[in-house]
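In what follows, a single structure is set out as structure tokens and then discussed.
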Amino acid sequence: MKNRFIIFLVTAVVAITAEGQNLSAFDPQPNFSAIIVHNMDSSVVWYQSVFRLEIKRQLDEQEESFRSVMLEGSTFSIELIEKKAPFDPTEVSKNKRVGISMQGFFKIGFKVSDLNDFIKHLARLKIPIRDLYTDASSNKRNFLLNDPDGNVIQISE
């Protein structure tokens, strides 16, 4: 009886440990965001200067009036998309299940290690911040800013 209990206990510990390892293997990390912009050139300069991103790849489809630039940093990427021709969001979700549609995003958020230094960086670039506040639940400071197209970006410490 004692041996059965020890075998059961060892088996349970091994099973729990294996399950814990499987859960840690599923650790999704942010990869990139895609943002539709009106003027690719000014948006590339803005995102490069604000977030110190570098151009990874570019796509220019003249006949489709479509441009795409992938900007990368050490921890994230942003794809900027410019389409001068009419853009039909239903085409993006064509042949997808019911309920899928392109809606855009409300805001995108970034965490910085030193909020004061980042604010100084933006001041040197003459980029205004707005709505500096302290989150009541985390006691962390946050603020909002807008990219050249008015997209809302939240920066937090």
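Any read-out appearing in this document is the output of simple, stated calculations on the displayed coordinates, not a laboratory observation. In this text, all values refer to a predicted model and were calculated from it rather than measured experimentally. Cβ sites come from the backbone with ideal geometry, for glycine too, and all protein chains shown count toward neighbours.
Would you mind getting the Kirkwood hydrodynamic radius of the range 106-157 from its Cα pairs, rounded to one decimal in Å?
Values: mean 1/r = 0.0885 Å⁻¹.
Its Kirkwood hydrodynamic radius stands at 11.3 Å.
Sum up the charges of everything whose Cβ sits under 13 Å from the Cβ of Lys120, counting Lys and Arg as +1 and Asp and Glu as -1, but leave Lys120 out. Numbers along the way, then the final one.
Details: positive: Arg124, Lys126; negative: Asp114, Asp117.
Charge balance in the 13 Å sphere: 0.
Can you pick out the pairs among Lys56/Lys140; Lys107/Lys140; Lys84/Lys107 whose Cα atoms lie more than 30 Å from each other?
Details: Lys56/Lys140 32 Å; Lys107/Lys140 18 Å; Lys84/Lys107 23 Å.
Pairs exceeding 30 Å: Lys56/Lys140.
Could you calculate the contour length gain from Ser138 to Lys84, that is, 0.36 nm times the residue separation minus the distance between their Cα atoms, to one decimal place in nm?
Details: separation 54, 0.36 × 54 = 19.44 nm, distance 4.19 nm.
Gain on stretching Ser138 to Lys84: 15.2 nm.
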